[in-house]
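**Q** Before anything else, here's the structure in question.
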Amino acid sequence: PVLWQTMGFDGCAEAHQLLRDNKHLGKIAILVGATEEGQGRTAEGPGAIRAEVGA
């Protein structure tokens with residue numbers, strides 16, 4: 001898959017509109033808890049917090 005564009009969390013509505021209108025050229029990533037690219041997890045280990053369903 002090709003990462004086409006990265007948007008801040010405030011760009012969710014715009015991302016959905018691009019998808020709806022089929023005007024995107026690849027995957028769209030939304031930054032959550034980060035202000036710019038490159039602030040994500042880089043160390044080895046789990047990349048997400050998982051919740052138990054029904055817990």
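**Q** Looking at this structure, is ILE28 modelled with pLDDT of 90 or more and hydrophobic (A, V, I, L, M, F, W, C)? So that I can check it myself, show each step before the final result.
**A** Numbers: modelled with pLDDT of 90 or more: yes; hydrophobic (A, V, I, L, M, F, W, C): yes.
Yes.
**Q** Which members of segment 10-28 meet the condition of being small (Gly, Ala, Ser) and touching a Phe, Trp or Tyr at 6+ places or on another chain (Cβ under 9 Å)?
**A** Listed by number, the list holds a single entry, GLY26.
The values are calculated or read from the model by the stated rules, or taken from the named source; none is laboratory data. From a predicted model like this one, the values you see are computed outputs, not experimental measurements. When we count neighbours, we look across all protein chains shown, and the Cβ atoms used for this are built from the backbone with ideal geometry, even at glycine.
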